[in-house]
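Student: This is the structure, below, for whatever I ask next.
The values are calculated or read from the model by the stated rules, or taken from the named source; none is laboratory data. Keep in mind that this is a model prediction, so the values were computed, not measured. In this analysis, Cβ positions are derived from the backbone assuming ideal geometry, glycine residues included, and neighbour counts consider all displayed protein chains. When the accessible area is computed, the model is the full protein with side chains, heavy atoms only, and any ligands, DNA or RNA have been set aside. Shrake-Rupley method; radii C 1.70, N 1.55, O 1.52, S 1.80 Å.
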Amino acid sequence: MSSVRAGRLFPRVAASFTLRTPVRGFQTTRAVLQVTSATTTSPTATKWSPQTVELVNRLRDQQKYYATVIIKGRPFTVTQNDIVVMDRIKDLELGDSLALNQVTELGSRDYTIKGQPFVNPGMFKIEATVIEHPDGKQFTVTKKKQRTAGQKTTFHRNHHTMLRISLIDVNSIQA
């Protein structure tokens, strides 16, 4: 299987990497779970192997979870009750709840599930709530033309959306 980018042929490689930097007090040495699903006839239900069920149950026994989620094309590593400050999403209003389903990594202190490229959304539930739409710091932009006295000053503010991660949970799965 391969993909074509910019007129060249690149092989598509499914690789799993171990996390080498600590994440908010989590240890750097932990097991990486290789989660595989067996093919099924129904597209809505996924049949999991007994080994996968056992490994996910080990992760469920942990107390705190973290996840690396993709929001508007940017990765954020979050835990429960974290606040994420990101670029403005105009369609959202205060109090709206979001279900985040693009997760590249889900784990705890001892175990990690790596997605290739994403973790199966049937394994977890992550919810975020919009808490604020603040404006950023004001920037001064000065435009000057060479060899003239003309100078133009403008001001700019970036607009943000603040999300609180209200829930991170690993679902129980059956074989």
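Student: Straight-line reach from K90: which lysines fall under 17 Å, measuring Cα to Cα and dropping same-chain residues less than 8 apart?
Tutor: Reachable lysines: K72.
Student: Keeping every protein chain in place, order D82, D91 by accessible area at 1.4 Å, biggest value first, i.e. largest first. It would help to have the intermediate numbers written out before the result.
Tutor: On the way: D82 25, D91 135 Å².
Largest accessible area first, the list is D91, D82.
Student: Also: What figure, in Å² to the nearest 10, do you get for the accessible area of R157 with a 1.4 Å probe and non-protein molecules left out?
Tutor: Using a 1.4 Å probe on the heavy atoms, I get roughly 110 Å².
Student: Counting heavy atoms of the protein chains only and a 1.4 Å probe, report the per residue accessible area for the stretch 94-141 as a whole number of Å².
Tutor: On a per-residue basis, the stretch 94-141 sits at 51 Å².
Student: While we're looking at this one, here's another question. Can you pull the one-decimal nm distance between simple spin-label points at T77 and N57, each 7 Å off the Cα toward Cβ?
Tutor: Distance between label points: 3.0 nm.
Student: To the nearest 20 debye, what charge dipole does the stretch 124-168 have about its Cα centre, counting +1 at the Cβ of each Lys and Arg and -1 at the Cβ of each Asp and Glu?
Tutor: Details: 9 positive and 3 negative charges, 118 e Å.
Rounded to the nearest 20 debye, it is 560 debye.
Student: Using a 1.4 angstrom probe on the protein heavy atoms only, line up I131, I126 by accessible area, largest first.
Tutor: I131, I126
Student: Using a Förster distance of 35 Å, how high is the FRET efficiency between D87 and D110, based on the Cβ-Cβ distance and rounded to 0.05? Please list the in-between numbers first.
Tutor: Numbers: r = 34 Å, r/R0 = 0.97.
Efficiency, from the Cβ-Cβ distance: 0.55.
Student: For Y65, Y111, write out the residues from largest to smallest accessible area, computed with a 1.4 angstrom probe and no ligands counted. Intermediate values should be presented prior to the final figure.
Tutor: Details: Y65 25, Y111 50 Å².
Result, largest first: Y111, Y65.
Student: Quick one: which residues, 5 or more positions from I89 or on another chain, have an amide H under 5 Å from its amide H? H modelled 1.01 Å from N in the peptide plane, none for Pro or chain starts.
Tutor: HN-HN under 5 Å from I89: T161.
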